[in-house]
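Enquirer: I have a structure I would like to understand better, so I am pasting it below and will then ask my questions one at a time.
The values are calculated or read from the model by the stated rules, or taken from the named source; none is laboratory data. For clarity, every value in this text was computed on a predicted model and none was experimentally measured. FYI the Cβ positions are ideal-geometry reconstructions off the backbone, even for glycines, and counts take in every protein chain you see.
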Amino acid sequence: MPLSDSRPPTPDSRTRIYAVVKRIPRGRVATYGQVATLAGLDGHARQVGYALHDLPPRSNVPWHRVINARGEISPRSAGDSHELQRMLLEGEGVDFSLDGRVELKKYRWKR
């Protein structure tokens, strides 16, 4: 039975998602869809978002390296983690355009 994007990912799916995200190198980004595909969850980009949202504090999973397919940091409903995400990426040498996008041709992780 395929996962529904409206439900949180299973523990097994989370483990696979986190394993993929841990492989994204410093100074590179991956899209939610790319991570889903590499985790064996093709078509379930939202599952990646849910899993990253559920990370415990001080996790060693580099969640900030995952952005949307437009090359943007996805807006959050609360908090300032989108600002933190941009700061972390800039600290790794990832540049943003004036409209807040990352050039995926330049910075996308190619595994």
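Enquirer: With the condition kept exactly as written, say whether any residue in the stretch 93-103 is surrounded by 13 or more Cβ atoms within 10 Å (Cβ to Cβ) and in contact with a helix residue (DSSP H, G or I) (Cβ under 6 Å, 6 or more places away or on another chain). Full working, then the answer.
Expert: The first filter runs over the stretch 93-103 and keeps only residues surrounded by 13 or more Cβ atoms within 10 Å (Cβ to Cβ), leaving 94, 96, 101-103.
Keeping just the survivors that are in contact with a helix residue (DSSP H, G or I) (Cβ under 6 Å, 6 or more places away or on another chain) gives 94.
Scanning the stretch 93-103 turns up at least one residue that is surrounded by 13 or more Cβ atoms within 10 Å (Cβ to Cβ) and in contact with a helix residue (DSSP H, G or I) (Cβ under 6 Å, 6 or more places away or on another chain).
Enquirer: Check the stretch 44-51 and report whether any residue there is in a loop (DSSP other than H, G, I, E, B) and in the same structural domain as TYR18 (by TED's automatic domain parsing).
Expert: Yes, there is a match, as at least one residue in the stretch 44-51 is in a loop (DSSP other than H, G, I, E, B) and in the same structural domain as TYR18 (by TED's automatic domain parsing).
Enquirer: Continuing with the same structure: For HIS82, all conditions in the list (1) loosely packed, with under 11 Cβ neighbours inside 10 Å; (2) in contact with a Ser or Thr (Cβ under 8 Å, 6 or more places away or on another chain); (3) not β-branched (Val, Ile, Thr) hold save one; what is the number of the exception?
Expert: (1)
Enquirer: How do the pairs read when you match residues in the stretch 82-111 that are not assigned by TED's automatic domain parsing to the domain that holds VAL20 with residues anywhere that are in a helix (DSSP H, G or I) and hydroxyl-bearing (Ser, Thr, Tyr), using Cβ under 7 Å and keeping only pairs 6 or more apart or on different chains?
Expert: These pairs meet every condition: VAL94/TYR107.
Enquirer: Could you say which residue among LEU89, LEU84 is in a helix (DSSP H, G or I) and touching a strand residue (DSSP E or B) at 6+ places or on another chain (Cβ under 8 Å)?
Expert: LEU89
Enquirer: Separate question: Identify, please: which residue in the stretch 92-111 is assigned to a loop (DSSP other than H, G, I, E, B) and among the hydrophobic types (A, V, I, L, M, F, W, C) and is, among those, nearest to ALA36 (Cα to Cα)?
Expert: By that ranking, first place goes to TRP109.
Enquirer: Could you check the stretch 10-35 and list, in sequence order, the residues that are touching a strand residue (DSSP E or B) at 6+ places or on another chain (Cβ under 7 Å), of a type in the set (Val, Ile, Thr) and either part of a helix (DSSP H, G or I) or loosely packed, with under 12 Cβ neighbours inside 10 Å (or both)?
Expert: The answer is VAL21, VAL35.
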